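Input: a single structure, listed below in structure tokens.
The values are calculated or read from the model by the stated rules, or taken from the named source; none is laboratory data. Values in this document were obtained by computation on a predicted structure and should not be read as measured data. Positions of Cβ are backbone-derived with ideal geometry, glycine not excepted, and every protein chain shown enters the neighbour counts. Note: areas computed on protein heavy atoms with side chains; ligands, DNA, RNA excluded. Shrake-Rupley method; radii C 1.70, N 1.55, O 1.52, S 1.80 Å.
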Amino acid sequence: MLPPVRVSDDDDDDDEGDMERSSGCSLCALATLVTALFLIAREDRHALPVIMTNIIINNNNNNNNNNNSYSSSNSSAHPSSSAPARHARSYPHLQGDTRRRKLYSFQRLFLRIDGTGRVTGTRSRDDPHTILEITSVDVGVVAIRSLTTGYYLTMNRKGEVYGEREYSVNCRLKERIEENGYNTYASAQWRQRHRAMFISLNANGKPLHGRNTHRRNTNTHFLPITV
């Protein structure tokens, strides 16, 4: 009689890793389909290409991170004297020169900064105060400035959202692509009880206080529409 064959723990780990990566891809594909159907139902077809592009970029980053993790696990399982150092996660799609965009919220409003520095939302596509310049100031960190008024989109320590003439640490915002393809913008300087505070607009076009926001709340989700 042949002795029983024993499957090594390494093989089990590899299979589990493959299943996790497959599950992640399936979830991304499902999120893409649901978001697309939702936008078509809302007749936001002009926003659909931006969301699809963001989802593809986010999915590629996740795949790259999974591959890096898989390579690192293999290296640790089979150590060598010249093992490569682990690379930090980077977001090349969030770096670059100044971009002119309109921030179109999930509430179907364009973010605007008027001549007094007041931040609101409008449904008008022709409002000149909705044209913004998004400039990368660090990896994953941007400054958003109104092209017509010159005011920077700002959040202070208390979570208040307004426009500010001069660039300061209050103007530094973390830009991130979420799983549904929308972007979120959180203060890079301030947090409330160890939680991030996000730029947001409610259904009436008023910015919410930063301490009342959450990444998963659709009030904080924006699409950067090319001007």
(request) Six or more apart or on different chains, Cβ under 7 Å: which pairs go from a residue in the range 129-152 that's among the polar types (S, T, N, Q) to one that's assigned to a loop (DSSP other than H, G, I, E, B)? Could you list them? (result) Thr135/Thr98; Ser136/Gln95; Ser136/Gly96; Thr148/Ile131; Thr149/Asp114; Thr149/Gly115
(message) Condition (residue is more than 19 Å from Asp97 (Cα to Cα) and open to solvent by less than 10 Å² (accessible area, probe 1.4 Å)) applied to the range 164-177: is it met by at least one residue?
(response) no
(request) Please work out which residue is nearest to Lys102 (Cα to Cα), limiting yourself to the range 206-227 and to residues that are at pLDDT below 95, assigned to a loop (DSSP other than H, G, I, E, B) and not charged (D, E, K, R). (result) Val227
(request) Sort out which residues of the range 108-126 are under 17 Å from Val227 (Cα atoms), open to solvent by 20 Å² or more (accessible area, probe 1.4 Å), touching a helix residue (DSSP H, G or I) at 6+ places or on another chain (Cβ under 8 Å) and not small (Gly, Ala, Ser), and write them in order of number. (result) Arg108, Arg112, Thr122
(message) Checking the condition in contact with a Lys or Arg (Cβ under 9 Å, 6 or more places away or on another chain) and in contact (Cβ under 8 Å) with a residue 24 or more places away in the chain, which residue from Arg211, Arg172, Arg165 passes?
(response) Arg211
(message) The conditions are (1) open to solvent by less than 10 Å² (accessible area, probe 1.4 Å); (2) out of contact with any Ser or Thr (no Cβ under 8 Å at 6 or more places or on another chain); (3) small (Gly, Ala, Ser), and Ala188 fails exactly one of them. Which is it?
(response) (1)
